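Below is one structure; the comments refer to it alone.
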Amino acid sequence: MTGQTLSEKIFSRAAKVEARAGQFVMADIDCAMIHDITGPLAVKGFYEISGDDGRVWDASKIVMLFDHQVPADSIKAAENHQMLRRFAGEQGLLNYDVSEGVCHQVMPEKGHVLPGQLVVGSDSHTCTYGALGAFSTGIGSTDMASVLATGRLWFMVPRTLRLIAEGKLPSLVTSKDLVLRMIGDVGADGATYMACEFAGPTVSAMNMAERMTMANMAIEMGGKAGLVEPDDVTLRYIEERAAGQEINPIKGDDDAPCTVRTWEVDDLEPQVALPHNVDRVEPVGRVAGTKIDQVFLGSCTNGRFEDIELACRLMGNEPVARGVRMIVIPASRTEYLKVLRAGLVERLMEAGALVESPCCGPCMGGSFGLLGPGEACLSTSNRNFVGRQGSSEASVYLCSPATAGASAISGVITDPRDIQGR
Amino acid sequence: MIRGRAWLFGDDVDTDVIIPGKYLRTKDLRLLADHVMEGLDSEFASKVGRGDLIVAGRNFGCGSSREQAPLALREAGISCIVARSFARIFFRNAINVGLAVVEADVDCKEGDIVEVDLSRGLVNVGERSFQGTKIPAFLLDILQHGGLVAHRRLEAAASHGDEDGMGRSP
């Protein structure tokens, strides 16, 4: 019998069967996350399934927070928040409300995700938590309604695509550039229904922030999950956040069947995804000089302290270029405080940037920071689809925090390596 | 058997063009339907008729987990989506809200009358037949019950339903 992948082992534990790729299993969920956009439909579905006096399967395994429309940007959003607050109160759920930040930063940061767990969230970027060695995936509101009621969900056990990176990332080339390159090569549907397992020496050398950026983007190649096998970096991250919880780091077998692709990163250049597909990826040089109207530095992809610190390093003491609006949003309250205490909020404000409180911001495409027709935005987020950040006649380019910082002071898309040493 | 007029779309039709983020604060399905596919064709909502089908390319429904995407299509009258392939979350969401989906590589023109036999995964356009992927029996059950909520209710009502809710192993 051949070995099992990390994903197969997690499903074996969660479904109490020997899970193999392609098999359908009914699995127990370790933790479920809902937020303000998809939560209301999930709650409505929950009551339709369970009746008016229904109770959730396990209140201690459900986390609620609001991040897409916070503070409430409209009366309808405020009503959605009220409805969810009521639900959390009645059911005894943990609700971080508007105060903590973007779900995919808050969940790992607060110790709600552990290696080897099966986690679902009603948001497609739930794949982010795979950076901690969990199997974590996005589901729709009705699937979530069913999870809230029963704590179980059917899955097809995915095949694994192992994306191996070898070598050392050059200076100012980040994990975002690497994952964009991988998406460009694999394609927007190249990993559909697969578990994307990021591995190799380059990934082992990454800190948790860098790994979360990689796992976050797995969905942009169709992946059901993005995973990094747990190691010392993982355990250190967990120990600081989930003290006292039992940790069961699961690793895959070396002989487990999977598809392998390898990238050599020693000569990798900064990458940009061009409008309007995440897999239209080119080295930054191909679009250097393109005029931009807005820079968005933030999101669950690149809104951590390390990202904002890197962008600030590129900006030095220069102001944001005339004619450019720069919006900076740390991904969580904790990350915001780190940025604040490092003196970076002051520097960004002096440079002319807007520093907003933790939320999804322009990446939500309906709350604030929207683009007008014909405008171009350079964004550290994860999607550049038509209409994603406002007008359907606007363009979004995706990049790393280094490229965002370099471009914010130049006013045009700029290779960060051209700024260094200026 | 599902039968209707075809609207054609290409590859990578994402959830932001199916229903943009700015409309997600509403729970009014009619409003969602009024803006469906706005990102690709601002007239689509006014042209589409009840029972029409969508025939599309690869990776239909990629992007967000927003269930408002299949809901908007269903509410606009779309009876079935035939695509060369689907993004995973959209595929599940569509079945969960009772919107038929079938994976098949179909060659037809806009306006052609398309027939879909879900249980066999078969798509007919005039005299031509295209064999698609048959969906597992337990998913077909969910679809035929009108979605996961109705399916779960029926399950709860049946005192001796199968324990895992997946029917027989597909």
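The values are calculated or read from the model by the stated rules, or taken from the named source; none is laboratory data. Treat the numbers as computed from the prediction; the structure is a model and nothing was measured. In this analysis, Cβ positions are derived from the backbone assuming ideal geometry, glycine residues included, and neighbour counts consider all displayed protein chains.
Of the listed requirements (1) acidic (D, E); (2) within 20 Å of A:P40 (Cα to Cα); (3) at the interface with chain A (Cβ under 7 Å from one of its Cβ atoms); (4) within 15 Å of the chain's Cα centre (by Cα), B:D14 misses just one: (2). Within the option set A:M206, A:M182, A:M194, being hydrophobic (A, V, I, L, M, F, W, C) and within 14 Å of another protein chain (Cβ to nearest Cβ) holds for one residue only, A:M194.
Within region B:55-92, the set of residues being outside any loop (DSSP other than H, G, I, E, B), within 19 Å of A:F155 (Cα to Cα) and in contact (Cβ under 8 Å) with a residue 40 or more places away in the chain comprises B:C62, B:F90.
Residue count for region A:270-305, restricted to those that are crowded, with 21+ Cβ neighbours inside 10 Å, among the acidic types (D, E) and over 23 Å from B:G63 (Cβ atoms): 0.
Looking only at residues in region B:48-73 that are charged (D, E, K, R) and closer than 21 Å to B:G10 by Cβ, the one that is farthest from the other protein chains (Cβ to nearest Cβ) is B:D52. For region A:322-332, the criterion of being assigned to a helix (DSSP H, G or I) and within 21 Å of A:A273 (Cα to Cα) is met by no residue. Within region B:93-116, the set of residues being touching a residue at least 24 places away in the same chain (Cβ under 8 Å) and over 30 Å from A:E48 (Cβ atoms) comprises B:A104, B:D105, B:V106, B:C108, B:K109, B:E110, B:G111, B:D112, B:I113, B:V114, B:E115. Scoring A:W154 on the criteria (1) at pLDDT 95 or above; (2) more than 12 Å from A:K224 (Cα to Cα) leaves a single failure, condition (1). Residue under question is A:V173, and the condition is that it be in contact with a Lys or Arg (Cβ under 9 Å, 6 or more places away or on another chain), outside any helix (DSSP H, G or I), at pLDDT 95 or above and more than 14 Å from chain B (Cβ to nearest Cβ); does it hold? Answer is yes for this residue. Among residues that are outside any helix (DSSP H, G or I), among the basic types (K, R) and either within 21 Å of A:P362 (Cα to Cα) or at pLDDT 95 or above (or both), A:R211 is not included. Of the residues screened, B:T15 is not one that is among the β-branched types (V, I, T), surrounded by fewer than 20 Cβ atoms within 10 Å (Cβ to Cβ) and touching a Lys or Arg at 6+ places or on another chain (Cβ under 8 Å). Applying the selection to region B:17-37, what residues are under 18 Å from the mean Cα position of the chain (by Cα) and more than 7 Å from chain A (Cβ to nearest Cβ)? Of everything in region B:17-37, those that are under 18 Å from the mean Cα position of the chain (by Cα) and more than 7 Å from chain A (Cβ to nearest Cβ) turn out to be B:I18, B:I19, B:L29, B:R30, B:L32, B:A33, B:D34, B:H35, B:V36, B:M37. Of the conditions (1) free of Cβ contacts under 8 Å to residues at least 24 places away in the same chain; (2) away from chain B (no Cβ under 13 Å); (3) surrounded by fewer than 16 Cβ atoms within 10 Å (Cβ to Cβ), A:S99 clears all except one; give me its number. Result: A:S99 fails condition (1) only. Here A:K251 meets each of (1) crowded, with 17+ Cβ neighbours inside 10 Å; (2) more than 25 Å from B:N59 (Cα to Cα) with one exception, condition (1). If the condition is being touching an Asp or Glu at 6+ places or on another chain (Cβ under 6 Å), in a loop (DSSP other than H, G, I, E, B) and within 25 Å of A:T126 (Cα to Cα), then region A:278-312 contributes A:V278, A:R304.
The residues of region A:356-370 that are more than 18 Å from A:S407 (Cβ to Cβ) and either within 12 Å of chain B (Cβ to nearest Cβ) or of a type in the set (V, I, T) (or both), listed by number, are A:C360, A:M364, A:G365, A:G366, A:S367, A:F368, A:L370. In summary, strands (runs of 3 or more DSSP E) completely within region A:1-94 and bearing 1 or more residues that are small (G, A, S) occur at A:24-28, A:31-34. Somewhere in region B:93-112, is a residue over 17 Å from B:G10 (Cβ atoms), within 14 Å of chain A (Cβ to nearest Cβ), touching a strand residue (DSSP E or B) at 6+ places or on another chain (Cβ under 8 Å) and assigned to a helix (DSSP H, G or I)? Yes, region B:93-112 has at least one match. Filtering region A:177-186 for residues that are of a type outside the set (S, T, Y) and assigned to a loop (DSSP other than H, G, I, E, B) leaves an empty set.
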